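Structure first, commentary second.
The values are calculated or read from the model by the stated rules, or taken from the named source; none is laboratory data. What you see is a predicted model, and the numbers here were worked out from it, not measured in a lab. Here the Cβ positions follow ideal geometry from the backbone for every residue, glycine too, while neighbour counts run over all protein chains shown. Note: accessible area is taken over every heavy atom of the protein model, side chains too, but ligands, DNA and RNA are not part of it. Shrake-Rupley method; radii C 1.70, N 1.55, O 1.52, S 1.80 Å.
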Amino acid sequence: MKFPLIKGKEGYTLRVLVRTGSKNPGIELIDNETVRVRVRAQPHEGMANKELIEILSDYLGIAKSRLEISAGEKNKSKIIRIRGQID
């Protein structure tokens, strides 16, 4: 699957819709601008956000430290900033 990444000066941004409490974690393309990420964790004490970053890191093959939630930390709809280049 090709991610709908938006290239910026210092990296990329990605629009994500998070579905918490999923039995089957994974990623799916919603439209040309957004991906849905299903996580097992519930939105309690940042656990769903932590799992989101781990799933994206594994899928993109980049370090978790290069990913950050730049908007929507307490919402289902989030903007993820990815620092640096992606191969």
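The table below lists the values:
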read-out: Segment MET47-GLU10, length gained on full extension (0.36 nm per residue, minus Cα span); value: 10.6 nm
read-out: Residue-normalised accessible area of the chain, given per residue in Å² at a 1.4 Å probe; value: 66
read-out: Under 17 Å from LYS64, Cα to Cα: aspartates and glutamates that are on another chain or at least 8 residues apart; value: GLU10, GLU51, GLU54, GLU73, ASP87
read-out: With every protein chain in place, the chain: carbon and sulfur % of accessible area (1.4 Å); value: 46
read-out: For the range 38-87, alpha-carbon Rg relative to the globular expectation (2.2 N^0.38 Å, N residues); value: 1.11
read-out: Listed peptides 50-61, 66-77, 23-34 by packing density, highest first (mean Cβ within 10 Å); value: 50-61, 66-77, 23-34
read-out: Evaluated over the chain, the Cα radius of gyration and Dmax, each in Å; value: 11.9, 37
